1. For helix 25-45, report the angle its Cα long axis makes with the longest principal axis of the Cα atoms of the chain; keep it between 0 and 90° and round to the nearest 10°.
2. Within 10 Å of each residue's Cβ, count the other Cβ atoms and sort Glu23, Glu130 from fewest upward.
3. Please find, in a Gaussian network model of the chain (springs between Cα atoms separated by less than 10 Å), the residue of Gly54, Gly75, Gly64 whose mean-square fluctuation is greatest.
4. Say R0 is 25 Å: what FRET efficiency, to the nearest 0.05, do Lys87 and Val29 get from their beta-carbon distance?
5. Got the relative contact order for the chain handy, in percent, Cα pairs under 8 Å and 6 or more residues apart?
6. Springs between alpha-carbon atoms under 10 Å, Gaussian network over the chain: tell me which of Lys77, Lys113, Lys146 tops the mean-square fluctuations.
7. Once every DSSP H run of n ≥ 4 in the chain is given -39500 (n - 2.57) and the sum is divided by its residues, what mean residue ellipticity at 222 nm do you get, rounded to the nearest 500 deg cm²/dmol?
8. If you take the beta carbon distance between Glu161 and Lys119 as r and set R0 to 41 Å, what does 1/(1 + (r/R0)^6) give as a FRET efficiency, to the nearest 0.05?
Amino acid sequence: MRTIFNLHLYACVINYEEMKLNETIEFYVRTTSLALSRMYNVIANQYGITQTIGYILTYVEKEGTPSTKLAQQLGMKNSSLTRLLKKMEDDGCITRIVDQYDKRIIRVFLTPKGVGKRKIAKKTVLEFNEKLMQKASKKDLESFFKVFDIIKEQVAEEIAEAAKKVTVNQ
């Protein structure tokens, strides 16, 4: 057993009848996601931002991005994102401008300071991915992405099934 970021890494058990909860696919996905978040937050903190702010900076398009689109991309509630955008605006990383064609839409734009922090965030992510790609074979990566596609498909099926049950029970 190896330990990384205080997480115990176990060999995968394929026999689901003998599988413990800390050997499930969800466990590996969740703990890896948390470890990535901690790593990126440690790095982002050096530049006065958080991982989430770094992601927002990388998702904002040059022509401005509607705040509702950012909420969807990040899987955040609009109210939570609004608080974060206010902080980013106060810090001078973004500006928010009402869309000229649809006054209901608020577009987010990066300021020069935001562009600078975006470059740092992008560079950090790309460098980390390069390190991973040097350690994993092309075949390993293809399998990894295939499994994640399977997970996303199954999640979509589970959500659709749960939504049907909610509709029937109402």
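Derivation of every value follows stated rules applied to the coordinates shown; laboratory data play no part. Model, not experiment: these values are computed from the prediction. Positions of Cβ are generated from backbone atoms using ideal geometry, with glycine treated the same way; all protein chains shown enter the neighbour counts.
1. 40
2. Lowest to highest Cβ neighbour count: Glu130, Glu23.
3. Evaluated over the chain, the most mobile residue of the options is Gly75.
4. Using R0 = 25 Å, I get an efficiency of 0.30.
5. Here the relative contact order equals 15 percent.
6. Most flexible of the set in this elastic network: Lys146.
7. It lands at -21500 deg cm²/dmol.
8. Taking R0 as 41 Å, the efficiency between Glu161 and Lys119 is 0.45.
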